[in-house]
């Protein structure tokens, strides 16, 4: 369905270009762009994962050689070991250690597919979840009135024919990141996608035919176009396949919201429905109380995160080449632990970028010695890398977006190279 | 009937004159020479006569070739949430002009709304009462500690489950509610008012103006004040003066928190900032234990509210929460960092002048400075203590307290300012902010921006310039009388032109309300419909950015949302939307159509009155005539239950219930901004507890007479049960009509 449509469109464009006396280069470029899916060239996919609640970056990826850490986190600091025995951090590079609950990610780091950027955050110093998430998703720190989200603007820069599944959020309502002019689909469960009447499938089937007939011919062009796309999309997805989906290569997803989201994203990628930007989220990172070490609030979330991402990557198999996954969180947490065995709202945190083009096996960014003078407001891991420097590089290099100003209006900083050139 | 002719007068002369006079009215240094007036970037309003004089004699639909029936249907699509059965005939009989006059007079919502909202317990609460009744987790913990229900030792223990249970029990004993109950009632009342209110125009305008001055439930600080914001700041002014509406929003805690003006302050020395920080902890976040308590109380421990980092003293506070709570000065937050520009910027960019309104970044800063000190008085003892302290400090003579709004002289930047070219001398107080509102409320750019948005909402996504010019003219003539502007809109020929008819695509809220009206549905429990509205892309009261939902067809129509729209119509008609009771046969005088074809012919004009249905009928006739269609639908007829009268099963008996409940339920458990929408359930244990929670909330707002309906015992239901065969085909046809492209438009 998709393929045929794309070919028709490219044909139409070619005729148009010739008719207008378009140059051969234009012709070739337009045709190749529009026809690329039909030619079997797969599109790049950026998968973004928002960890809501502000992940403790120092707990996820710990500068374990810093003696100050033990002083400031008597209950929370952990030891590292080369062989990542149970209960110890995995020593990544002699300075940083990966939390044991994230051990599923350690092989990916060793294979140099996984990069970590530490000290990432926003230039706006707010410690409000609401404001910080808003700024990270709009991509305009300090400005609330930005109507669109940065991922939607990224979609707008792709510059080629769109599938209805080009931008998909595995949430029931669209996230702020995907607000904007470009069509984006929010669907918590792909099984819900289609004309449906619970318990009366045939009514739905008959009604579906009626709707299709009505929308095909309505005089309102927007409804006509969206209706046509909707029914094409439903056929593309073929829910029977969804129900029977088996992850490949023995991948086992955690039975969690995040696990289910990534499983469905993998499915969409493998079904070649035109997915290019995907969004998922993970909650529960606001660890004010009893954050724990090998076990506890943080470890539970981290295990879900690590295992979900690792399963996703295994499941992708040969499609790994097309995909980059990036995590994000609105800010980090205090260096000091608090009186309840947790940490409070801070500034810099860390993020993960995973992909075969990623400059992996490294901890990028800068983490100073954890002495008060080096900390932000003498208490928080400082933001040494603007999140936009990472997002622009990952989205820009992976999806081929050149214009940083379009992704992040008003930002004049430089990209932090996380994707290998 | 009153008749008044507005003759075409040169607009170019009029608005600058008004502009100048509003300037001239200001005393002293404000009476600046004209030359200093800001020059809007765009050209001033067309310096030519308004193209058509307006007569307020007759609504000019006949000239546009419309019958009274067609015109009444159009009027009900724009100034009401669609027609109920018989509405079009009633409006025609009354006279369209009279109906409009009645609506413009802002009638009461009427007995039906009163009856349906009678059991709602939050609608009349003051903001302070809401804060009292819906404590956040920190406040709850404090109360439990104070009452001795929980000991320090228990608080320090790692057994969070036990602690949580104790707190929950305590909350129940105290009669405290969960904030999501407040949201459930707030969204429910919005739907009930739209479906059953007699003040349809006022409700449509409330929807419009709330979105214009958007605040969001996703903001933990603002959320508890949203019911009052709509009730006290928005609704009373929808047919009043724009300037009053603007000030009501500017001074409301919901807006003060949402756009951060509450924390905006003049630069000050560190010690003063620390004191201030202790004072300005927002009203819904009363304690240092708030975060910790949130982590205890919420399953996912996500997204607590605490905009500022804890200072060193905070650690001790957490070790001894009770002590800290008793002495808030010890729980000092990092102080506010001076002015916060967010409100000032959006005031100009979104609320008044518009993005091309000719203001500069310098103006943003100056307006923010003028508005420093406009903040929120914490309800209860903290607010009283603050007032006493300010009185002692001697700044009380300028202190202004109005409800929870407070002007705090100690936060105000008293330096000289220049706002939009106007000089503000040093030493001013609260009146500076009010002067700013005067300035922007009557600015030509504002007039253009506001009247454009009104035209977009009520006429088309691309309204004719002549119409906008005329509305701008009325706005300036009347000094922003919104009733006059809406009236002028209805009496404008452009409102009735063929390019305006059905030009708007309904928002999901409008779609749901109009479908319920068209079916004369009995909404026993609004919550499932509210969840559908979320699914269709419009979580109510929860659009995060201050822009509000975009008002264009494109924003609502895309692949995912369109399928959900079709499904909503279909499932509603098939009795699959819990909490809604229908009697499809009654719409046709109790007669059951003989065939699907007959159902189509009868019900299409009932549901879509005053419209040309040729295309819809032509497309659908062959489909419903197809024997295959009949076979499919008959085969699909639900077996014993779900009789023709479509008494919706209660959600507890709906098989696919959990899938349906899940989406918007995520809003419930989070104290979080993970958003109303996100699927992140409170725990990994899946949807079952989520569904249970949703049911609990549902029960909380179900009215007593809802019980009767669940017995499936309405007269209509019994009649239909006798009327074999069950009209599944009828439900299907009605569902297809509600999901049709024609029904998506207004």
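Tell me whether region A:121-264 comes out rounded, prolate or oblate; compute the Cα gyration tensor, take square roots of the eigenvalues as a ≥ b ≥ c, and use a/c under 1.5 as the rounded threshold. Verdict is oblate for region A:121-264.
Over region B:138-250, the reciprocal of the mean inverse Cα-Cα separation, the Kirkwood hydrodynamic radius, stands at 16.8 Å.
The distance from the alpha carbon centre of region A:194-266 to that of region B:604-634 is 24 Å, rounded to a whole number. Counting beta carbons within 10 Å around each of A:411, A:150, B:99 and listing the fewest first gives the order A:411, B:99, A:150. Ranked by the mean number of other Cβ atoms within 10 Å of their residues, highest first, the peptides B:440-450, A:368-378 come out as B:440-450, A:368-378. Peptides B:159-165, B:176-182, B:485-491 ranked from most to least packed by the mean count of surrounding Cβ atoms within 10 Å: B:485-491, B:176-182, B:159-165. The mean count of C-beta atoms from other chains within 10 Å of the C-beta of residues in A:46-54, rounded to a whole number, is 3. The calculated P(r) of chain A, using every Cα pair and 10 Å bins from 0, goes 5, 21, 30, 24, 13, 6, 2, 0 in percent.
Taking a ≥ b ≥ c as the square roots of the eigenvalues of the Cα gyration tensor, region A:310-415 is classed as oblate, since a/c reaches at least 1.5 and a/b does not exceed b/c. For region B:43-177, the spherically averaged projection of the C-alpha convex hull amounts to 17.2 nm². Only Cα pairs under 8 Å and 6+ residues apart enter the sum, and on that basis the relative contact order of chain A stands at 27 percent. What is region B:368-471 by shape, rounded, prolate or oblate, if you read a ≥ b ≥ c off the alpha carbon gyration tensor as root eigenvalues and call it rounded for a/c under 1.5, prolate for a/b larger than b/c, and oblate otherwise? Oblate, because a/c is 1.5 or more while a/b does not exceed b/c.
Computed over region A:66-149, relative contact order equals 12 percent, with contacts defined as Cα pairs under 8 Å that lie 6+ residues apart. With a simple spin-label model that places each label point 7 Å from the Cα along the Cα-to-Cβ direction, the separation between residue A:112 and residue B:98 comes to 8.5 nm.
Averaged over the residues of peptide B:599-608, the number of Cβ atoms from other protein chains lying within 10 Å of each residue's Cβ is 0.
The mean number of partner chain beta-carbon atoms within 10 angstrom of a residue's beta-carbon across peptide B:545-556 is 4.
Label separation (residue A:369 vs residue B:152): 3.7 nm, computed from points 7 Å beyond Cα along the C-beta direction. Taking the helices alone, chain A has a mean residue ellipticity at 222 nm of -11000 deg cm²/dmol, built from -39,500 (n - 2.57) per DSSP H run of at least 4 residues and averaged over all its residues.
Across region A:327-372, the fraction of Cα-Cα pairs farther apart than 18 Å, rounded to a whole number, is 45%.
Throughout, read-outs are computed from the coordinates displayed, never taken from laboratory work. What you see is a predicted model, and the numbers here were worked out from it, not measured in a lab. Note that we place each Cβ from the backbone using ideal geometry, even for glycine, and neighbour counts take in every protein chain shown.
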